[in-house]
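First the structure, in the form of structure tokens, and then the observations on it.
The values are calculated or read from the model by the stated rules, or taken from the named source; none is laboratory data. Just so you know, these numbers come straight off a predicted model, no measurement behind them. With ideal geometry, Cβ positions are generated from the backbone for all residues, glycine too; neighbour counts draw on all protein chains shown.
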Amino acid sequence: MQNLNYILGIDYGAKLAGTTVIAYIRNNQITFLQSTKKQDADILIQKFIAQNDVHLIGLDAPLSLPQIYTNPTQGTDYFYRMADKLLGAMSPMFLGGLTARAMQLSAYCKKKGIDVIEVYPAAIAKRWDLEQFEYKKSFRFISQICDVIQEKTGYSFSEEIHNWHQIDAVLALTSALRYHASEADSFGDVSEGVIWV
């Protein structure tokens, strides 16, 4: 695979919460850029894109609404898309403003020729059985989780992991890398929106 430096995984959080993390490969290591509290996460992402030749983003946020909102004759569910039901993901409607921001960011990126796919880190965590190491519950086994990620991806970390947002950004990056290599699985209905794992 070429241009891995320019594939991003983003754990997308509330705009000013300091919980948005970009994960990417630099010098053959997984590297992070995390927003800080009161810093606009969307501007942080846009600046990173402006300064780097990004061509693919795996975004951990809904990029579409249930089909009933775009095609009322086909859809019946006002809360969940098929992809959400298949993976047990949150409703785009419950996430509200975050969903709107994600869709806006995706439109911004597409105008710049950047592909944006929706990913769901919890699905990779489940596939890799990270629950046995208290994924998102306790940092007690974080070194074991990092070991699994390094074994599965072949990449080490450029710095110590400090929070679950960084882990989820790496898992989002993993799905983007899998998509880039045509190895990712898609869940959902293409006409409504799919999640890549």
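Assessment of segment 123-139 against the conditions (at pLDDT below 95 and among the aromatic types (Phe, Trp, Tyr)) yields at least one matching residue. Among the candidates LEU65, LEU105, LEU59, LEU86, the residue that is under 24 Å from HIS162 (Cα atoms) and at pLDDT 95 or above is uniquely LEU59. Residues in segment 14-44 that are touching a strand residue (DSSP E or B) at 6+ places or on another chain (Cβ under 9 Å) and assigned to a strand (DSSP E or B): 11 in all. For segment 139-167, a tally of residues being surrounded by 13 or more Cβ atoms within 10 Å (Cβ to Cβ), in contact with a strand residue (DSSP E or B) (Cβ under 9 Å, 6 or more places away or on another chain) and not β-branched (Val, Ile, Thr) returns 10.
Given the criteria of a type outside the set (Gly, Ala, Ser), closer than 17 Å to ALA172 by Cβ, in contact (Cβ under 8 Å) with a residue 60 or more places away in the chain and crowded, with 20+ Cβ neighbours inside 10 Å, does PRO66 qualify? For PRO66, the condition - of a type outside the set (Gly, Ala, Ser), closer than 17 Å to ALA172 by Cβ, in contact (Cβ under 8 Å) with a residue 60 or more places away in the chain and crowded, with 20+ Cβ neighbours inside 10 Å - is not met.
All of LYS136, LYS47, LYS85 fail the test of being free of Cβ contacts under 8 Å to residues at least 60 places away in the same chain, surrounded by 13 or more Cβ atoms within 10 Å (Cβ to Cβ), more than 14 Å from the chain's Cα centre (by Cα) and not in a loop (DSSP other than H, G, I, E, B), apart from LYS85.
The residues of segment 103-123 that are within 12 Å of ASP60 (Cα to Cα) and either charged (D, E, K, R) or in contact with a strand residue (DSSP E or B) (Cβ under 6 Å, 6 or more places away or on another chain) (or both), listed by number, are SER106, VAL116, ILE117, GLU118, VAL119, TYR120, PRO121. If you go through segment 104-115 and keep only what is without any contact (Cβ under 8 Å) to a residue 60 or more places away in the chain and buried (at least 17 other Cβ atoms within 10 Å of the Cβ), you end up with just SER106. When GLY188 is tested against (1) closer than 30 Å to TYR78 by Cβ; (2) within 16 Å of the chain's Cα centre (by Cα), exactly one condition is not met: (2).
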